[in-house]
Each structure stands twice: as C-alpha cells, then as structure tokens.
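Undergrad: I am attaching a structure below and will ask some questions about it afterwards.
The values are calculated or read from the model by the stated rules, or taken from the named source; none is laboratory data. Quantities reported herein were computed from a predicted structural model and do not represent experimental measurements. Cβ placement follows ideal geometry from the backbone for every residue including glycine, while neighbour counts extend to all protein chains displayed. For the accessible areas, the whole protein counts, side chains as well, though only heavy atoms, and no ligand, DNA or RNA atoms are used. Shrake-Rupley method; radii C 1.70, N 1.55, O 1.52, S 1.80 Å.
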Amino acid sequence: MQDETVIAVVPAAGVGRRMGSQIPKQYLMLNEQSILSHTLDCLLSHPKIKQVVVALHPDDQHFQHLPQSTHPKLCQVLGGGERADSVLAALETVNEKAWVLVHDAARPCLSHSDIDKLLFARDIFPQGVILGSPVRDTMKRVNSEQNIASTVSRENLWHALTPQCFIAKGLKDNIALALSNHIAITDEASAMEWAGISPGIIEGRADNIKVTHPDDLALASLFLNNLRQ
C-alpha cells in the first residue's frame, strides 16, 4: 500500500546544448535568480511536498552556490547520462510507497495550483497521472527533406508536461526494466506505458513552459512576473 508522502524529484544533470550556453541551462539567470532556483522555490515551498531530491551531474560546480542548496527539505544525488538515469538514481533514495512528482529542472513557471490539481487527481488516476496541454495547432508530419507529408488530426493529442506523478516503486521498477531492455524513455509516463500501464492526464496551466531555446527566457520571465503578482 502507498502512503500519502509526496516527494519531488528534479533531474538536473543535463547540459542543455540547444541553449548554446557556456553553462547548463538550468543555471542561466532568469529575473533575479537561476532557472533551477525558481523551480526549486515552488517545490520546496509547497506544504504537501516532504522532500525534494535533485539529481546533479557529477561535475556540477554551480548547485552549491544556490541559496536553495542548503534547504532542509532538499537532498542531492548524482544523476546519470540521460534523464531516465537521473530519475532512477533519485528514486533509489526515496520511500518506495511514497508518491513522487518528477519535474523538469527547466520548467521554472510551475504553480502551486497545478501541483494541487495533480495531487487531487491521484484519487481519479491511482495508476499515476501527469500534467498536459491539449494540442491546439494544426499538426503536420514531414519527411526527411522537411516537406509536408500529411496533416495529423489533433483530436486526442496532448503535449506532455511535468510534474508527472506516480508511486515510487512502480516508477522505479518500470524505468529500470525499460532501460535494461534498451527502451528510449523520454518521460516517466513513457516508462509506465511501456509496462502496459495507462497513466491519466489532466490539463495544466499554459504558462508552465520548458526553457529549451534562448527565446524561451523572455517568455518565462513574463510568466514569472505574472505569477508573482
């Protein structure tokens, strides 16, 4: 049986090559502090989250300088080469019966209201549930030359967001098994899906964006300013 303990897991071992920065993107400045600092502030301040586990690159030289690094609710582990490796390393340290919220380090605009919605949805989706956003644009499938091959119906298509919420043991076991079978795990839900489990999905806020490209910084800054008002 699971308990009601909630632990957040933040894979933060990536280097963010697409940002073209000299430092990992999670440490880029956004308004008055780093992207990762904003992410951690939201998770650490939520009253239902007991602990936040951050998976770091073995050569990380930046995290120790963040004010959040000494927070009593925060725990550090060494991450791996891929996101799934880092999540798995974090899951090895937590109570197997706990609920875990896995959240991208580079999603600094997370709100407490989205966390609350996700935790409430556990009663509806005990197999696990993630935040998502329905696809609103016309979707195109292209070939290798970037010519449009077809239009894809957007009905029932969603963008997967984070946090993604699962019981620690089930998520840990399924990620480990998928990795041992050389399955590409792009998010936590994909590991559960590979194991034959269909997680639930609920709509999250549209401003919960992931900072991936330089242009995203200005948009994230705007969203953060609106959240703080």
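Undergrad: Quick test for you: out of Leu40, Leu74, Leu30, Leu66, pick the one residue that is under 16 Å from the mean Cα position of the chain (by Cα) and either in contact (Cβ under 8 Å) with a residue 24 or more places away in the chain or under 24 Å from Cys165 (Cβ atoms) (or both).
TA: When all the criteria are applied, what remains is Leu40.
Undergrad: Kindly indicate which of Ser86, Ser45, Ser69 is among the hydroxyl-bearing types (Ser, Thr, Tyr), surrounded by 20 or more Cβ atoms within 10 Å (Cβ to Cβ) and at pLDDT 95 or above.
TA: Ser86
Undergrad: Do any strands (runs of 3 or more DSSP E) lying entirely in region 99-217 carry at least 2 residues that are touching a Gly at 6+ places or on another chain (Cβ under 8 Å), and which ones are they?
TA: Those strands (runs of 3 or more DSSP E) span 129-134, 158-167, 200-203.
Undergrad: Does region 125-148 contain any residue that is among the charged types (D, E, K, R), farther than 30 Å from Glu32 by Cβ, open to solvent by 30 Å² or more (accessible area, probe 1.4 Å) and touching a residue at least 24 places away in the same chain (Cβ under 8 Å)?
TA: no
Undergrad: Kindly list the number of the only condition in (1) in a helix (DSSP H, G or I); (2) touching a residue at least 40 places away in the same chain (Cβ under 8 Å) that fails for Asp60.
TA: (1)
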